[in-house]
Amino acid sequence: MRTIKSRSHDYTVEEHASSAAALAAVTRDVHPHFLVDRAVHDLLDPAVRASLPTDRLVLMEASEAAKSYGPLEPVFLDLLGRGLRRNGLLVVVGGGVLQDAGCFIASVLARGIRWELVPTTLLAQADSCIGSKSSINIGPYKNQIGTFYPPHRVLLVQDFLRTLPFDEIRSGLGEVIKLQLLSGEQGFEELMADLEGFATLGSVDRLPLLARWVQRSMDVKQPVIERDEFDRGERLLLNYGHTFGHAFESVTDFGIPHGIAVVLGMLAATSISARLGMVTEDQAGALARRLRPWHEPYAERLADIEMADLLAALARDKKNTAAGLTCILTRGFGRMERTSLSQEQVYSCVIPALSDLIHSEFGV
Ligand SMILES: NC(=O)c1ccc[n+]([C@@H]2O[C@H](COP(=O)([O-])OP(=O)(O)OC[C@H]3O[C@@H](n4cnc5c(N)ncnc54)[C@H](O)[C@@H]3O)[C@@H](O)[C@H]2O)c1
Ligand SMILES: [Zn+2]
């Protein structure tokens, strides 16, 4: 068990042996309400499903449309109608979408109620479950509304990852890879060695490896979010790969899973870093070859996009201004830097790098 420090309240991350054990372990000093991913609910063991109180259970689709400001109103109303109030407890079961929705609801309902999180995707277990953030879409603006409000407990269950589709596992691994690249060469090499042959493992045999890297990911992220919970300085480096990754998600209409878009975004950042002389072309090429299994064939989806659309998507990013582009670039393992590029550098480095990558399918 680990305890994460937060300005709001400290919280624990606990490992439980099964979904039954985790759901039995949620706090029961009040009658908890449950907000559960509909797909996860369908996959639950029938006995576990039957243990959920139907009068305090709300199911939600895990989609970008569902975690939007307007579509959340009926979810608020449903929970209020089922009696959730200031002294209540909301238990959220699902991946990053349910986490974002549940965190937002818990943070604003009655100005903040207790909530506990059972993350069911690798991305949510390894990355998003710690860090306090909620991000909600509004109309066409992705993740533009949000709060900082961590859960009061995180309950991890390896077994949820057994039913996760392989591309969702790869999506989570995208964030795992990002955290190890940020941590330095040793962590990245250990991860790559562990992932050798991973695709051939059965869904049960993968679990211990994934559980180990969930913990290793938290080892990297925890000290950063504890020192800079509110994204004022060093936490911004955790956005490595995200400026370009978000643009790739946007221009493909979310046709690329988030963490896989982050892998492509890290390759874009590395290639731009090479053009600026921060790393060598050989280093950028070597990384592209090693990360290939973790994104292909999704780069193909970018083959037909217009550069103007990609630039427009980059310009919508909240970190960018008309004068240029702010992104995280790299000088090598563990040496990421927040960099503001001028409009001239966008034309001389960013556009040629993106164009080359897209036309070579990211060096595949
Ligand atoms: N708040 C944060 O810090 C933060 C960080 C990163 C990403 N996010 C957000 O998280 C979202 C992505 O989250 P995600 O990648 O966890 O995916 P998700 O919640 O969209 O789930 C992906 C798919 O897997 C299904 N699923 C979930 N658990 C399953 C299980 N155990 N077995 C089988 N299927 C399962 C879901 O129903 C869905 O179809 C994005 O909206 C992103 O913006 C938030
Ligand atoms: Zn991310």
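A few points about this structure:
- Pair A110, R2: separation of 7 Å Cα→Cβ label points (nm): 3.1
- Antiparallel DSSP beta bridges within segment 20-146, percent to nearest 5: 15
- Mean separation of Cα pairs under 8 Å and 6 or more residues apart, divided by the residue count, gives the chain a relative contact order of 14 percent.
- Pairwise FRET efficiency - R316 versus V364, Cβ, R0 = 25 Å, nearest 0.05: 0.35
- For peptides 3-12, 42-51, 259-268, sequence by mean Cβ density within 10 Å, most packed first: 259-268, 3-12, 42-51
- Three-way shape call for segment 215-364 based on the alpha-carbon gyration tensor, with the a/c threshold at 1.5: rounded
- Listed residue pairs exceeding 19 Å between alpha carbons, taken from K5/K67; K142/K178; K5/K221: K5/K67; K142/K178
- Cα long-axis angle, helix 207-227 against the chain (0 to 90 degrees, to the nearest 10): 80
- Calculated mean residue ellipticity at 222 nm for the chain: -13000 deg cm²/dmol, from DSSP H runs with n ≥ 4 weighted as -39500 (n - 2.57), summed, divided by the residue count and rounded to 500.
- Counting only alpha carbon atoms, the long axis of helix 166-183 and the longest principal axis of the chain meet at about 70°.
- Of all accessible heavy-atom area on the chain, the percent that carbon and sulfur account for (1.4 Å): 51
- Among Y298, Y69, the order of accessible area from largest down is Y69, Y298, computed with a 1.4 Å probe on protein heavy atoms.
- Top positive-direction residue, dipole computed over segment 43-138 with Cβ charges, set V75, L90, G102: L90
- Taking N as its residue count, the alpha carbon Rg of the chain over 2.2 N^0.38 Å: 0.98
- Counting 0.36 nm for each residue step from A308 to S18 and taking away their Cα separation leaves a gain of 99.6 nm.
- R0 of 41 Å, Cβ-Cβ distance R331-D253: FRET efficiency to nearest 0.05: 0.75
- Relative to the longest principal axis of the Cα atoms of the chain, helix 281-291 runs at roughly 30 degrees.
- Cβ-Cβ FRET estimate between T163 and A50, R0 fixed at 22 Å, reported to 0.05: 0.75
The values are calculated or read from the model by the stated rules, or taken from the named source; none is laboratory data. Predicted, not measured: the structure shown is a model, and the values here were computed from it. Counting neighbours? That spans all protein chains shown, and the Cβs are built from the backbone with ideal geometry, glycine included. All accessible areas refer to the heavy atoms of the entire protein, side chains included, with ligands and DNA or RNA removed. Shrake-Rupley method; radii C 1.70, N 1.55, O 1.52, S 1.80 Å.
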